[in-house]
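Here the structure comes first, spelled out in structure tokens, and everything after it is commentary.
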Amino acid sequence: MTDLPRKAVTRTAKLAALPLGFAGRSAWGLGKRLGGLSADLVGQELQQRTAEQLFKVLGELKGGAMKFGQALSVFESALPDELAGPYRATLTRLQEAAPPMPAATVHAILAERLGEQWREQFAEFDDKPAAAASIGQVHRAVWHDGRDVAVKVQYPGAGEALASDLAQLGRFARLLGPLIPGMDIKPLITEMHERVTEELDYGLEAEAQHTYAQEFTDDPDVVVPDVVHQGEQVLVTEWLSGTPLSEVISGGSQEERDRAGQLLSRFLFSGTMRTGLLHADPHPGNFRLVTGGSTAPEEWRLGVLDFGTVDRLPEGLPPTIGTVLRLILDGDAETAYELLREEGFVKERIALDPEEIRDYLTPIIEPANAPEFTFDREWMRGQAARIADPRSPAHQLGRQLNLPPSYLLIHRVTLSTIGVLCQLGATVRMRDDMATWVPGFAPTDQPPPPTRPTETAEHAETAETAEQAETADSTGTAEVLDTAKATGTIEPVEPANPTKPTKSVEPDEAEPSEAAS
């Protein structure tokens, strides 16, 4: 395979094979049961075969197909345990790997984007990819100045494949339901499709990553590799070593799980306030537990990768979120209800009982109501079942609530992060993080959360850069990064073809030991 299969008819046929294959295996399973085999044994084999096909198709197609699979992977903890096993291992593999692009193709892309003498930029370059993901893959290398770096290279045809896959998956959403029982797949695909353009804009991704890297420089809890060099469809960033979060999930000690979970919670709530950007792709392939050889858990940090999808929130998370949660926890359902109506969560033509809304939300926000909370799959499955069961009051109420468009990505990121915390089985002091970083959540006797940092000139520059990012497009990105280039933080790229302008920056979406989308 030299690049992504680009013909729409080919990709559509492969994606269509998922629900059709499930139907065929269901008929096969019925035949086996009629033949006298145990329904449990037949069911287990059916699920395993479906899971294997899911990985094979989504992994080989990459593009939007694989990105869809990665998004599903963080929700496996909501599946009933008898169904989760086969999908757990299969979807986890999508978080860290995909069939790689041949070295010859990689070399051709680098020659086209960085110039025929591209090897002079590197002291070493490993042709074997460190990771491959939905729209590109990552190679480990040594930059010409001796720094270990990750080189992200976009797959040929990635843009076309990403848009085509999500369009086709949208058409198949109802048929794909049986692949992940209990999942409402269509809204997930719709939201991903709306962000296709941003996903492919490596200039915006590099700008976001640089903003985070500068803000979290020397942070005791979080480390973000900075951008080193950028070019069309290629991004070079600092290499980040550490234990992939997927490995902590599958075999980490409880100490590792708890520390990783605490850091993930802290990053979710603090990152947006500190940078004005919400990291919006929180699957385990995008995180590392960085110990640096230390045996002291309090010194371990969370490595964060892949900033291809972000939500621009210059003032941090909307204060309505924290205020409503605090009011619900304090028992003031009436005021919380009025705020939800004002923000559009309850439409004007609908009248609901404030106490019923409190009953609906209270179990979901349980982690914010205790000094510490242990996330696990059983709790996640209980919440999913309560809301998904058409017979339950929670399901009936949920159907009458509205999610304003400005909250869509915030909602998905929060749910995805909680899904990862449940996969970790981590005990986390989430209430403390929310009180510190979520506007409106702190009790009235506590100081308000810090605003965007302004204590130092560096923080002020970071805030200004993030605000510029809110309105930057792929053309304006060069202006945002000029300051970083001038100070030597990011080295400029000479276009391979001087007559053809290049984007100012371009990360991809693959994640190695340093990045995996």
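Within region 417-431, is there a residue that is out of contact with any helix residue (DSSP H, G or I) (no Cβ under 8 Å at 6 or more places or on another chain), part of a helix (DSSP H, G or I) and in contact (Cβ under 8 Å) with a residue 12 or more places away in the chain?
No, that holds for no residue.
Could you list, in sequence order, the residues of region 370-381 that are exposed (fewer than 14 other Cβ atoms within 10 Å of the Cβ) and in a helix (DSSP H, G or I)?
The answer is E378, and nothing else.
Filtering region 230-245 down to residues that are open to solvent by 10 Å² or more (accessible area, probe 1.4 Å) and in contact with a helix residue (DSSP H, G or I) (Cβ under 7 Å, 6 or more places away or on another chain), which residue is farthest from S416 (Cα to Cα)?
E232
Quick check: anything in region 218-227 modelled with pLDDT of 95 or more, out of contact with any Cys (no Cβ under 7 Å at 6 or more places or on another chain) and under 20 Å from T374 (Cβ atoms)?
No, every residue in region 218-227 fails to be modelled with pLDDT of 95 or more, out of contact with any Cys (no Cβ under 7 Å at 6 or more places or on another chain) and under 20 Å from T374 (Cβ atoms).
Quick check: is even one residue across region 382-401 in contact with a helix residue (DSSP H, G or I) (Cβ under 9 Å, 6 or more places away or on another chain), at pLDDT below 85 and not in a helix (DSSP H, G or I)?
There is at least one residue in region 382-401 that is in contact with a helix residue (DSSP H, G or I) (Cβ under 9 Å, 6 or more places away or on another chain), at pLDDT below 85 and not in a helix (DSSP H, G or I).
Of all the residues that make up region 388-397, how many are surrounded by 15 or more Cβ atoms within 10 Å (Cβ to Cβ) and in contact (Cβ under 8 Å) with a residue 12 or more places away in the chain?
Of the residues in region 388-397, 3 are surrounded by 15 or more Cβ atoms within 10 Å (Cβ to Cβ) and in contact (Cβ under 8 Å) with a residue 12 or more places away in the chain.
Out of all the residues in region 418-443, which are under 14 Å from R257 (Cα atoms) and open to solvent by less than 10 Å² (accessible area, probe 1.4 Å)?
Answer for region 418-443, where residues must be under 14 Å from R257 (Cα atoms) and open to solvent by less than 10 Å² (accessible area, probe 1.4 Å): G419, V420, L421, C422, Q423, L424, A426, V428.
Looking at the structure I just gave you, is S270 buried (at least 22 other Cβ atoms within 10 Å of the Cβ) and in contact with a Phe, Trp or Tyr (Cβ under 6 Å, 6 or more places away or on another chain)?
yes
When you scan region 279-293, do you find a residue that is in a helix (DSSP H, G or I), more than 23 Å from E247 (Cβ to Cβ) and not acidic (D, E), even just one?
Checked against the condition, which is being in a helix (DSSP H, G or I), more than 23 Å from E247 (Cβ to Cβ) and not acidic (D, E), region 279-293 yields no hits at all.
Of everything in region 281-298 that's in contact (Cβ under 8 Å) with a residue 40 or more places away in the chain and surrounded by fewer than 21 Cβ atoms within 10 Å (Cβ to Cβ), which residue is farthest from Q137 (Cα to Cα)?
P297
Scan region 197-244 for residues that are under 22 Å from A141 (Cα atoms) and either part of a helix (DSSP H, G or I) or of a type in the set (D, E, K, R) (or both) and report the count.
Residues meeting the conditions: 11.
Here are some residues: R174, R147. Which one is of a type in the set (K, R), farther than 16 Å from W118 by Cβ and modelled with pLDDT under 60?
R174
Could you please give the count of residues in region 247-266 that are open to solvent by less than 10 Å² (accessible area, probe 1.4 Å) and within 27 Å of K152 (Cα to Cα)?
Of the residues in that region, 4 qualify.
The values are calculated or read from the model by the stated rules, or taken from the named source; none is laboratory data. Since this is a predicted model, take the numbers as computed values, not measurements. As a convention, Cβ positions derive from the backbone with ideal geometry for all residues, glycine included, and neighbour counts pool all protein chains shown. Just so you know, the surface numbers come from the protein's heavy atoms only, side chains and all, with ligands and any DNA or RNA stripped out. Shrake-Rupley method; radii C 1.70, N 1.55, O 1.52, S 1.80 Å.
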